[in-house]
1. In whole percent, what relative contact order does region 249-341 give with Cα contacts below 8 Å and a gap of six or more residues?
2. Starting from the 7 Å offset along Cα-to-Cβ, what nm value, one decimal, do you get for the label separation of residue 208 and residue 182?
3. Kindly provide the trypsin sites (Lys or Arg not before Pro) of region 212-269 that DSSP labels as loop, not H, G, I, E or B, and whose Cβ sees at most 16 other Cβ atoms within 10 Å.
4. Test of understanding: what is the full-extension gain from residue 482 to residue 359, defined as 0.36 nm times their sequence separation minus their Cα-Cα distance?
5. How far apart, in nanometres, would the label points at residue 323 and residue 466 be if each is projected 7 angstrom from Cα along the Cα-to-Cβ direction?
6. Which value, in debye to the nearest 20, describes the size of the charge dipole of region 431-474 about its Cα centre when Lys and Arg Cβ atoms bear +1, Asp and Glu Cβ atoms bear -1, and nothing else is charged?
7. I want to check the label-to-label distance for residue 519 and residue 276. Put each point 7 Å from Cα in the C-beta direction and report it in nm to one decimal.
8. What do you get for Rg/Rh of region 246-354 when both radii come from the Cα atoms and Rh is the Kirkwood radius?
Amino acid sequence: TAVEPLSFPDASRGEPWPSWIWVERRDVPVVRLSRRFELAEAPVTARLFVTCDNEAELILDGNEVGRNEHWQRPTVLDLTDRLGPGEHRLEFVGSDWGDGSAAALVAVLRLEFADRVEWLVTDEQWEAQPAEAEADARQPASIRGTYGDAPWGQPHAAMSDSGPSAALLSALAKASHEWTDDDRSVTAEAIAAEDPEYAKLVANVREEIRVLKAERDAGLSSVMVMRDESSYRTTHVLERGEYDKPGEAVTAGIPEIFGSLPEGIDANRLALAEWIVSPENPLVPRVIVNRYWQLLFGTGLVRTSEDFGSQGEFPTHPELLDHLAAEFVADGWNVHRLLERIVLSRAYRRSSYVDPIQRERDPEARLLGRMPRHRLDAEVLRDSALAVSGLLDRTLGGPSDHPLQPDGLWREISHFGHPIPFTAQHQYPDHDAGVRRRSLYVFRKRTSPPPILTTFDATNRETCSVRRSRTNTPLQALAVMNEPLFVAAAGALANRAMHAAPDDRTRLSLAFRLATARVPDETELSILTRSLERARLRYRDRPEQAAALVGFGIAPPLAPLDPIESAAFTEVASLILNLDETLTRE
């Protein structure tokens with residue numbers, strides 16, 4: 001429960017000032033930082049201040065008492081009713097960003113007694129160990145903890161030898177309440193004073209804010225509004241395309257082959273819009289229907305979906321295209337009804353099986369004798385892995401989310417490595433639900449699109465693309481087996497299957513069915529079973545690898561499981577997610 005502001009130790013009177021304690025081990029993604037202490041009597045009040053990087057679960061005597069989600073928003077807790085005479089253990093279970101960066105902590109416990117005040121702060125007496133060490137004797141009992149000034153700066157840092165500024169203490173003390181802009185500025189200044197790189201970033205952001213405010217105050221900001229001019233300018237045909245040789249004057253209109261604009265209104269954008277949706281216009285509904293057909297079948301009735309002109313391909317089924325277009329308009333341009341009509345058709349529900357005669361007569365499955373096979377689009381493939389594993393967050397709306405990606409990727413392509421850290425060079429990944437939302441909400445930087453989507457042929461959005469290319473490369477297989485999101489999805493799928501069934505065969509069948517929408521046959525099940533046994537044998541000899549694999553994820557498991565079993569099932573789940581049948585629309 002959040003409480004009123006907490007006072008801090010007074011460094012000028014020799015009271016203990018807290019230090020960062022952090023662990024920087026790539027093979028230990030989740031760490032437990034703990035301290036045992038003994039009280040002779042119950043305190044009158046006991047308040048805990050904690051800030052951590054990146055997030056931590058706060059545990060007192062084996063019971064969770066709170067969480068801290070980000071070091072810029074410290075947590076203040078009232079522990080008075082939980083502390084009495086005797087020994088106690090304060091623990092913080094924290095995780096890294098998923099890229100091997102440090103998990104770190106700063107904590108201050110203020111114990112007020114009738115005649116004195118005592119402090120328990122993060123220092124060399126704290127222990128560090130893997131979070132699973134107590135449950136698994138094969139884990140190392142402890143790991144090296146580092147104390148002192150953290151390499152990225154101190155959010156509570158002292159401005160002078162006498163301790164932190166009063167303004168900073170005031171900002172931090174209000175951490176459990178809503179911060180003001182002034183509180184954020186004070187904290188940013190404190191960090192910038194100790195971290196030169198962060199100082200450059202803060203200076204750059206403030207300069208951007210200053211320029212925007214100056215433009216606003218000077219009335220220079222503008223908003224583009226689309227409207228018609230009161231009078232139209234005269235437009236000429238340019239002779240040989242040269243701008244300084246105007247020829248015949250022309251007026252707005254459309255090619256005669258497509259009919260005419262509605263009568264009685266000016267030839268403006270409104271007239272064009274009404275012509276586009278006019279039942280007499282055959283072009284637009286045909287184009288739209290063809291694109292939805294391409295979405296479902298991989299190839300449109302007109303292969304060149306970006307070109308319906310004389311240079312494009314003739315439709316394989318012109319009567320079908322005309323019929324669907326006419327029905328689409330008659331249904332009031334109802335996309336849901338169009339898709340329903342297509343997916344309920346015999347053509348859509350045909351098998352993907354191809355016999356020798358079909359392969360010879362129709363190698364590209366353009367004649368609708370069978371369902372064509374095509375690899376899923378990048379976004380669909382990513383969302384499918386999240387949905388199958390149970391990780392997909394289906395929240396609608398809201399701002400874009402920043403996915404996990406290699407550290408420093410934006411800096412490599414932004415401003416040619418300019419030494420000043422422009423904001424466009426920094427990408428701060430989201431966590432938990434922010435990583436698990438649909439690809440629709442993934443933030444895309446045009447000069448550096450998300451690598452996992454680019455690997456599966458997603459466009460960079462620099463130009464309009466109606467039809468994507470589809471490639472099949474070894475890099476795609478490596479991505480599905482090693483990319484953090486797919487590794488986490490494999491672990492969650494394994495976890496889901498292990499909790500849903502009591503034996504290996506049922507678990508493997510469930511995982512296979514979730515990914516492929518069918519039950520595996522005996523041959524497939526035998527292969528999966530042998531793969532599971534080989535994985536078990538390997539991880540029994542390498543328990544540290546099993547612990548690292550199980551500890552990696554973007555969502556907490558349903559319940560604690562044996563790390564050897566979990567790692568083995570995760571490996572087999574990764575194999576299932578990498579099957580051609582999982583990645584391919586059949």
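Every number in this text was worked out from the coordinates using simple rules, so none of it is lab data. All figures in this text were calculated on a predicted structure; none of them were measured in a lab. Every residue, glycine among them, receives a Cβ derived from its backbone with ideal geometry; neighbour counts consider all protein chains shown.
1. Values: 79 pairs, mean separation 17.7, N = 93.
RCO, region 249-341: 19 percent.
2. The modelled label-to-label distance comes out at 2.6 nm.
3. Details: sites: 213, 216, 227, 233, 240, 269; in loops: 227, 233.
Sparse-neighbourhood loop trypsin sites (Lys or Arg not before Pro): 227, 233.
4. 40.8 nm
5. Result for the modelled spin labels: 2.4 nm.
6. Working: 10 positive and 3 negative charges, 30 e Å.
Its charge dipole is roughly 140 debye.
7. 5.0 nm
8. On the way: Rg = 16.8 Å, Rh = 15.8 Å.
Dividing the radius of gyration by the Kirkwood radius yields 1.07.
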